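Take a look at the structure below.
The values are calculated or read from the model by the stated rules, or taken from the named source; none is laboratory data. What you see is a predicted model, and the numbers here were worked out from it, not measured in a lab. Note: ideal-geometry Cβ built from the backbone for every residue, glycine included; neighbour counts use all protein chains shown.
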Amino acid sequence: MAVDRNLTTVLENGSTLYINNASGGKKIEVDDTKNYIVLQDYNQTVTTEISGYNDNTVIRIEAGSQTPISGSWKSNGDGTYTIFIAFDNYGNGITFTDVVLDKDPVFTIGEFKITQNSDGSWDVIDPTTTDGTAVTFSATDEAITCYLAGSMVRTLNGDIAVENIQIGEKIVAFDWKNNRDIIRPVVWVGKGHVKVNPALPDDEAGWPVRVLKNAIADGVPCKDMLITSEHCLFFQDKFVPVRMLVNGVSLFYDKSFPVYDYYHVETEPHSVITVDGMLTESYLDTGNRSSFRQNGKIAILRGKTHSWEQDSAAPLDVERSFVEPLFQRIKARESITSACCVQKERIMESDESDLHLVTEKGACIRPIRREGQYYRFMLPPGIKAVRLVSRTNRPCDVIGPFVDDRRPMGVAVAEVHLLVLKHAYKITAHLQATKPEGWYADMGEQGVAWTNGDAMLPLGDYLTERKMGLLSIRLHAAGPYQIRPQPETGGKARII
């Protein structure tokens, strides 16, 4: 059914809602009973917000010719998620673009379970939940920043392993504004556990970063340092996430840790502290305290959630103009470290975009002709919109980690024309100020727009039931694309 776009549908006490990609209404709210959202088995995208998603929310796919093979999560970067249920390995499936997890209790994404029912339909469910000690490890505003066991924190009583720090311990903090050391007590300590998800990019998968001894400067760090990718190091009166400095040699993702414990310590206020001889940060509660649990002496903190803009001990700087010189300076020291034993991962690249179209019913259309930047596709009658699907890259991967842009970039599209009989029509929806789904509004030059690798392109009513058409697309730019082997698992790194 197509629910009125202005209505909110509430699913409670075991309700069932049948929808398709036409509309699921303004919003779908689900309670904690077993509720079903039922769809047919063809390619479709549901943009309606689903609020309160939990371990009893079931996505049911009716029996048909398609078989769901996997489910995956993707953070949208604003606290919401995209769910993709794949029918194959070619991008066909069902997409929910606006999923909000239940927060009472706190639910977190895990690995989808797919089961077939006796009537041939399929149920897709994510059973992972949490009692306050588990969250998703992802590169969002709520990403976890922490130390691994063995990290040595400088205190008034000497260096102490982070896992042995207790509330009340006096930590040596650096007052950079006055260039002096000061003493601050620990007001909270936390511990958690990570299970890495190798299906994600290294910086989002949960792998810890190993900073080799002497990588930053002579004696800095004083031993190998192990921290999470979003953890910040202190340079020139500013904090920088370590993921932006990873060079694959003296700073690299250590993939010998598929699971590990992590720790953090908090001072009041937020402080620049020394760990393993490196200036770094104490814990700043930006809304992720529930990802930790406490052992030993318990501190009950009911203070407000903090922000980097208002409460950090030093500014956070992720601008390329500041970070790239740091990256290059550290890279130049590779030969000074013990990095000779590290083998940098070799990644293949391709300029081939694999651009193709997917119709509203899920049919894949490959180009019939390609001439330089031009791709031409034959469209059957009745098509009103297609999706432009391609490989993707991330600027942080193809330019360098010092670029703080981790969005998937597909292809840059310039002119699009639809030839029907003897008439040529300009298709310009992607060039308008308000763009269809899957297009970036801030990445295009004049007359050009970038896709995210799966972008909707409305075609209007030019193709009647008896008219075929030739769609011509000119690409302004594409690639290079990193070609990585695809792990079998989906979802996000899980913190248990």
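When each of GLY192, GLY206 is tested for being in the same structural domain as ARG154 (by TED's automatic domain parsing) and within 21 Å of ASP397 (Cα to Cα), the lone residue that passes is GLY206.
For the range 48-87, the set of residues classified as under 18 Å from the mean Cα position of the chain (by Cα) and of a type in the set (Val, Ile, Thr) consists of THR80, THR82, ILE83, ILE85, listed by residue number. Scanning the range 421-464 for residues that are crowded, with 18+ Cβ neighbours inside 10 Å and in a strand (DSSP E or B) gives TRP439, ALA449, TRP450, THR451, ASP454, ALA455, MET456, LEU457. If you check GLU465, GLU445 for being out of contact with any Cys (no Cβ under 9 Å at 6 or more places or on another chain), modelled with pLDDT under 95 and within 17 Å of GLU360 (Cβ to Cβ), only one passes: GLU465. Cβ-Cβ contacts under 8 Å between residues 6 or more apart (or on different chains), taken from a first residue in the range 160-187 that is in the same structural domain as SER312 (by TED's automatic domain parsing) to a second residue that is small (Gly, Ala, Ser) and part of a strand (DSSP E or B), are listed as ASP181/ALA173; ILE182/ALA173; ILE183/ALA173; ARG184/ALA173. The requirement of being assigned to a loop (DSSP other than H, G, I, E, B) and crowded, with 18+ Cβ neighbours inside 10 Å is satisfied by VAL249.
State yes or no: is SER335 within 26 Å of the chain's Cα centre (by Cα), outside the structural domain of LEU457 (by TED's automatic domain parsing) and not aliphatic (A, V, I, L, M)? For SER335, the condition - within 26 Å of the chain's Cα centre (by Cα), outside the structural domain of LEU457 (by TED's automatic domain parsing) and not aliphatic (A, V, I, L, M) - is not met. If you go through the range 340-356 one residue at a time, do you hit one that is over 24 Å from PHE252 (Cβ atoms), at pLDDT 95 or above and in a helix (DSSP H, G or I)? Scanning the range 340-356, I find no residue that is over 24 Å from PHE252 (Cβ atoms), at pLDDT 95 or above and in a helix (DSSP H, G or I), so the answer is no.
Considering ILE365, ILE330, ILE383, the condition of being among the β-branched types (Val, Ile, Thr), in contact with a helix residue (DSSP H, G or I) (Cβ under 8 Å, 6 or more places away or on another chain) and more than 25 Å from SER75 (Cβ to Cβ) is satisfied by ILE330 alone.
Test VAL272 against the stated conditions and say whether it is at pLDDT 95 or above and farther than 13 Å from VAL162 by Cβ. Taking the combined requirement at face value, the residue satisfies it. The lone criterion from (1) in a loop (DSSP other than H, G, I, E, B); (2) of a type in the set (D, E, K, R); (3) within 15 Å of GLY438 (Cα to Cα) left unmet by ASP88 is number (3). Here the range 101-123 is the region considered, the condition is being under 23 Å from ASN197 (Cβ atoms) and surrounded by fewer than 19 Cβ atoms within 10 Å (Cβ to Cβ), and the residue that is modelled with the highest pLDDT is ASP123. Each residue in the range 131-148 was checked for being touching a strand residue (DSSP E or B) at 6+ places or on another chain (Cβ under 6 Å) and either charged (D, E, K, R) or at pLDDT 80 or above (or both), and 3 pass.
Quick one: how many residues across the range 212-229 are out of contact with any Phe, Trp or Tyr (no Cβ under 9 Å at 6 or more places or on another chain) and either within 22 Å of ILE160 (Cβ to Cβ) or surrounded by 21 or more Cβ atoms within 10 Å (Cβ to Cβ) (or both)? Number satisfying all stated conditions: 8. Residues that are assigned to a loop (DSSP other than H, G, I, E, B) and among the small types (Gly, Ala, Ser) were ranked within the range 47-75; the one that is modelled with the highest pLDDT is ALA63. Total residues in the range 18-42 satisfying the condition of being buried (at least 21 other Cβ atoms within 10 Å of the Cβ) and under 19 Å from PRO436 (Cβ atoms): the figure is 1.
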